[in-house]
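Single-structure report; data block below.
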Amino acid sequence: MSIRREVVYAAGIASFILSYIIHSPSLSNPIYSDIVSFWYREGWLTRLRIPYIEAPFEYPPLSGFLTFLAASLGSNIISYYSIFSAIILVFYITMLEIVIRLCEERGIGLEYALILICLSPSMILYTVYNYDVIFASLLMLSLFLLLRRRLISSAIAFSAAALVKLINLITLPFILMHVEGWRNRVKYALISLGIFAAVNLVLWALNPDFIDGTYLYHVRWGLENAWYLIFFPNSGSWDTAKLFGMLLMAYGLLKVYLHDSADLIQRTFMALSVFLLTNYVF
């Protein structure tokens, strides 16, 4: 029996509401979320200190801007959390629509979108959590636009995704190979990387400590939920563990880059899977 898109949307909204509830600071014992923790961290949101300039923030600039926006519009923790959740909902609906369209175009049953995007426990737990849905939505939008040969719009969306989280930069090599013609490849690279670089350069000029407080923050982080932590239980060996993870990542990504029989969506999935399986910080 085929599933209608309305059913997927209804399940998605229900999943989002459940995620909103379980993390809500109005509960006596809510499940942890980064969103709520940002509000209480050194009070920088409550005092409306500008991220990257007046206060350090360990996520890329668009993440900090959206967090600051939610805090500016919200007068307390509940309104801040609700506004932040509403921002996530916009990106979640965008992602859901893109997945539905891709399934319809490829003859894939919408039950897969229903199960993986709406009903999976990980989606319920991590939808209203931090910036994962925003990042995924922007990356999928970039790929969706690229498949329709809208290069400039795709490159802008790709840059926006990198300004939320850096992860999508590992997909750029095979994305560029998907673009037809060297001139278009250069244009795509200049737009996507140029916007990303320009935003970061402005912030670095305004605050020379910006790079250290944002991009080097996680470099100094220890092993967090990495599966190979079992082989490196002593924190003194974690530098070796990071090198081990990076070598695994390099090998895995090289396999993906050379695996030209897979299409753009499949290679993106494989590259992100390699990153998640080998990175030392989740």
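The values are calculated or read from the model by the stated rules, or taken from the named source; none is laboratory data. For clarity, every value in this text was computed on a predicted model and none was experimentally measured. FYI the Cβ positions are ideal-geometry reconstructions off the backbone, even for glycines, and counts take in every protein chain you see.
No other residue among Tyr280, Tyr215, Tyr228, Tyr251 is among the hydroxyl-bearing types (Ser, Thr, Tyr) and buried (at least 16 other Cβ atoms within 10 Å of the Cβ) apart from Tyr280.
Cβ-Cβ distances below 6 Å connect the following pairs, each with a first residue in the stretch 216-240 that is modelled with pLDDT of 80 or more, a second residue that is of a type in the set (Asp, Glu), and a separation of six or more residues or different chains: Tyr217/Glu58.
Where the second residue is acidic (Asp, Glu) and in a helix (DSSP H, G or I) and the first is in contact (Cβ under 8 Å) with a residue 60 or more places away in the chain and in the same structural domain as Val179 (by TED's automatic domain parsing) and lies in the stretch 138-153, which pairs have Cβ atoms under 9 Å and are six or more apart or on separate chains? Between residues of the stretch 138-153 that are in contact (Cβ under 8 Å) with a residue 60 or more places away in the chain and in the same structural domain as Val179 (by TED's automatic domain parsing) and residues that are acidic (Asp, Glu) and in a helix (DSSP H, G or I), the close pairs are Leu147/Glu105.
Residues that are among the charged types (D, E, K, R) and assigned to a helix (DSSP H, G or I) within the stretch 113-170 comprise just one, Asp132.
When Tyr52, Tyr40 are screened for being assigned by TED's automatic domain parsing to the domain that holds Phe135 and buried (at least 16 other Cβ atoms within 10 Å of the Cβ), only Tyr52 passes. Filtered by the rule that a residue be among the aliphatic types (A, V, I, L, M) and out of contact with any Ser or Thr (no Cβ under 7 Å at 6 or more places or on another chain), the stretch 89-109 gives Leu89, Val90, Ile93, Leu96, Ile98, Val99, Ile100, Leu102, Ile108. Picking from residues in the stretch 22-35 that are hydrophobic (A, V, I, L, M, F, W, C) and surrounded by fewer than 20 Cβ atoms within 10 Å (Cβ to Cβ), the one that is farthest from Arg220 (Cα to Cα) is Leu27.
Please verify whether Ala160 is surrounded by 18 or more Cβ atoms within 10 Å (Cβ to Cβ), more than 19 Å from Ser273 (Cα to Cα) and either in contact (Cβ under 8 Å) with a residue 60 or more places away in the chain or in contact with a Gly (Cβ under 8 Å, 6 or more places away or on another chain) (or both), treating the condition exactly as stated. For Ala160, the condition - surrounded by 18 or more Cβ atoms within 10 Å (Cβ to Cβ), more than 19 Å from Ser273 (Cα to Cα) and either in contact (Cβ under 8 Å) with a residue 60 or more places away in the chain or in contact with a Gly (Cβ under 8 Å, 6 or more places away or on another chain) (or both) - is met. Filter the stretch 178-188 for residues that are touching a residue at least 24 places away in the same chain (Cβ under 8 Å) and in a helix (DSSP H, G or I) and give the result. Once the filter is applied, which keeps residues that are touching a residue at least 24 places away in the same chain (Cβ under 8 Å) and in a helix (DSSP H, G or I), the stretch 178-188 yields His178, Asn184, Lys187, Tyr188. Considering every residue within the stretch 246-255, establish whether at least one is over 20 Å from Phe144 (Cα atoms) and among the basic types (Lys, Arg). Yes, because at least one residue in the stretch 246-255 is over 20 Å from Phe144 (Cα atoms) and among the basic types (Lys, Arg). Conditions: (1) closer than 21 Å to Ser63 by Cβ; (2) free of Cβ contacts under 8 Å to residues at least 24 places away in the same chain. Gly213 meets all but one. Number of the miss? Answer for Gly213: the failing condition is (2). Does Leu102 count as of a type outside the set (Gly, Ala, Ser), surrounded by 14 or more Cβ atoms within 10 Å (Cβ to Cβ), in contact with a helix residue (DSSP H, G or I) (Cβ under 8 Å, 6 or more places away or on another chain) and part of a helix (DSSP H, G or I)? Answer is yes for this residue. Residues that are small (Gly, Ala, Ser) and in a helix (DSSP H, G or I) within the stretch 225-282 comprise Ser235, Gly236, Ser237, Ala241, Gly245, Ala250, Gly252, Ala271, Ser273, listed in sequence order.
Scanning the stretch 1-12 finds one or more residues that are of a type in the set (A, V, I, L, M), buried (at least 22 other Cβ atoms within 10 Å of the Cβ) and either out of contact with any Leu (no Cβ under 9 Å at 6 or more places or on another chain) or not in a loop (DSSP other than H, G, I, E, B) (or both). Going through (1) hydrophobic (A, V, I, L, M, F, W, C); (2) exposed (fewer than 12 other Cβ atoms within 10 Å of the Cβ); (3) more than 24 Å from Phe144 (Cα to Cα) one by one, Leu223 falls short only on (2).
Would you check if Thr46 is on the phi < 0 side of the Ramachandran plot and under 17 Å from the mean Cα position of the chain (by Cα)? No; evaluated as a whole, the condition is false for this residue.
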